[in-house]
Amino acid sequence: MTVLYKANMVRGAQWARFFAERAPDVPFRLWPDIGNAAEIRYLVAWVPPDEIATTFPNLELVFSVGAGVDQFDATKVPPHIPLVRMMEPGIAETMVEYVTMAVLGLHRDLLHFINQQKQQVWREIRIKPARRRRVGVMGLGQLGQAVLERLKLLGFPLLGWNRSPRMIEGVSCYTGVETLPEFLAQTDILVCLLPLTEETRGILNADLFARLPRGAGLVNVGRGPHLIEADFLAALDSGALSGAVLDVTDPEPLPAGHPFWTHPRILLTPHNASMTTPDTAVDFVLDVIARHRRGEELPGLVDRSRGY
Ligand code: NDP
Ligand code: OXD
């Protein structure tokens, strides 16, 4: 039951070390050294190779090395082969850190102070208490829920919006498109943790920005195509949005000269909010393989009809 890894090579070497330690009986190969392709049963990839079905005739299961799967062309994975996304604690931990940083940064006017410092300006800004800054999270999956649990400790009033109903203690939860305006009207800092699907593409648009309280902040850690760039820049210019922290863009990386690079009210990071952690990811993959071999339900199984 050989495993083939095809993603970041530096981290691949760490995967190989953890596999050797924890499952010495499971052969582990690093792309492009696939060896005998007929032996490959499990594939871990950010983007799967072309001709997957013919190249690996005995493939049983494919893992996305990330939590998201929109980068995957699922049509390349035959329908009888389950596709499992990464649900390992390392991704959630690093995402929680990032979103906490971003929310606190917007809450405490970090972008403003960075600009003041550049201009050698020493001017205080009145501090608003956390209890008066409402934070709303779109997408209440593994990451959205983990983020909300941490934000709770900081005293922000919390809201969540999701496709299907959720009950989370201390969070006002809203369900479905019809409740989006009500959710947005009470959200001072909006965090997007949605998967990219046909329904969510372009969801961060002029209509949405207009429904937020004036001067709201935005954190986009979902995917770049969630955001309509022109609408977003117009919302920053008009003051509808006061600032934004963007970890994802379209395309990635952004081309030289793109307005996001130098905009004084945008903090930009290179799709670095969270990262699959080889140590914990290997445990997750070994657990899923064991469950798969026992014919049990698989955590992180992608529903291809929904696209996530
Ligand atoms: P999950 O699948 O666990 O959660 C997604 C949530 O979004 C689900 O609760 C789902 O609702 C909800 N959702 C899906 N479609 C809609 C919709 N149309 N309207 C409202 N809610 C919707 O995903 P994760 O939490 O693991 O990850 C979320 C996303 O974060 C990833 O898809 C990826 O794009 C992004 N990500 C970004 C990273 C970064 O470094 N920037 C790192 C990792 C992930 P339901 O419960 O009904 O299914
Ligand atoms: C992911 C990502 O989906 O890193 O895991 O974006």
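Counting only residues that are in contact with a Ser or Thr (Cβ under 9 Å, 6 or more places away or on another chain) and either β-branched (Val, Ile, Thr) or over 18 Å from Arg29 (Cβ atoms) (or both), region 48-82 holds 6 of them.
The rows are residues; the columns are (1) surrounded by fewer than 17 Cβ atoms within 10 Å (Cβ to Cβ); (2) not assigned by TED's automatic domain parsing to the domain that holds Leu218.
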position: Pro82; (1), (2): no, yes
position: Ala102; (1), (2): no, no
position: Arg108; (1), (2): yes, no
position: Ile125; (1), (2): yes, no
position: Pro129; (1), (2): yes, no
position: Met138; (1), (2): no, no
position: Leu151; (1), (2): no, no
position: Arg163; (1), (2): no, no
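Among the residues making up region 8-33, those that are modelled with pLDDT under 95 and of a type in the set (A, V, I, L, M, F, W, C) are Met9, Val10.
Say we look at region 46-56 and pick out the residues that are farther than 19 Å from Arg293 by Cβ and assigned to a loop (DSSP other than H, G, I, E, B); which of these is farthest from ligand 2 (Cβ to nearest atom)? Only one residue tops the list, namely Glu51.
Within the set Ala130, Ala92, the sole residue that is in contact with a His (Cβ under 9 Å, 6 or more places away or on another chain) and within 20 Å of Ile168 (Cα to Cα) turns out to be Ala130.
Residues that are more than 24 Å from Val288 (Cβ to Cβ), part of a loop (DSSP other than H, G, I, E, B) and touching a residue at least 40 places away in the same chain (Cβ under 8 Å) occur at least once in region 118-136. Thr280 satisfies every condition listed in (1) of a type in the set (S, T, N, Q); (2) more than 16 Å from ligand 2 (Cβ to nearest atom); (3) not assigned by TED's automatic domain parsing to the domain that holds Ser172 except (2). Each residue in region 259-276 was checked for being in contact with a Ser or Thr (Cβ under 8 Å, 6 or more places away or on another chain) and open to solvent by less than 50 Å² (accessible area, probe 1.4 Å), and 4 of them qualify.
Residue-by-condition table, conditions (1) over 17 Å from Leu298 (Cβ atoms); (2) part of a loop (DSSP other than H, G, I, E, B); (3) open to solvent by less than 40 Å² (accessible area, probe 1.4 Å):
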{"position": "Val3", "(1), (2), (3)": "no, no, yes"}
{"position": "Arg11", "(1), (2), (3)": "yes, no, no"}
{"position": "Phe18", "(1), (2), (3)": "yes, no, yes"}
{"position": "Gly35", "(1), (2), (3)": "yes, yes, no"}
{"position": "Arg41", "(1), (2), (3)": "no, no, no"}
{"position": "Val69", "(1), (2), (3)": "no, yes, yes"}
{"position": "Met86", "(1), (2), (3)": "no, yes, yes"}
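Taking (1) under 19 Å from the mean Cα position of the chain (by Cα); (2) farther than 18 Å from Tyr308 by Cα; (3) among the hydrophobic types (A, V, I, L, M, F, W, C) in turn, Ala206 satisfies each apart from (1).
The values are calculated or read from the model by the stated rules, or taken from the named source; none is laboratory data. Please read these numbers as outputs of a predicted model, since none were measured by experiment. Methodologically, a virtual Cβ is constructed for each residue, glycine included, from the backbone with ideal geometry; neighbour enumeration extends over all protein chains shown. These accessible areas exclude ligands, DNA and RNA; they are computed on the full protein's heavy atoms, side chains included. Shrake-Rupley method; radii C 1.70, N 1.55, O 1.52, S 1.80 Å.
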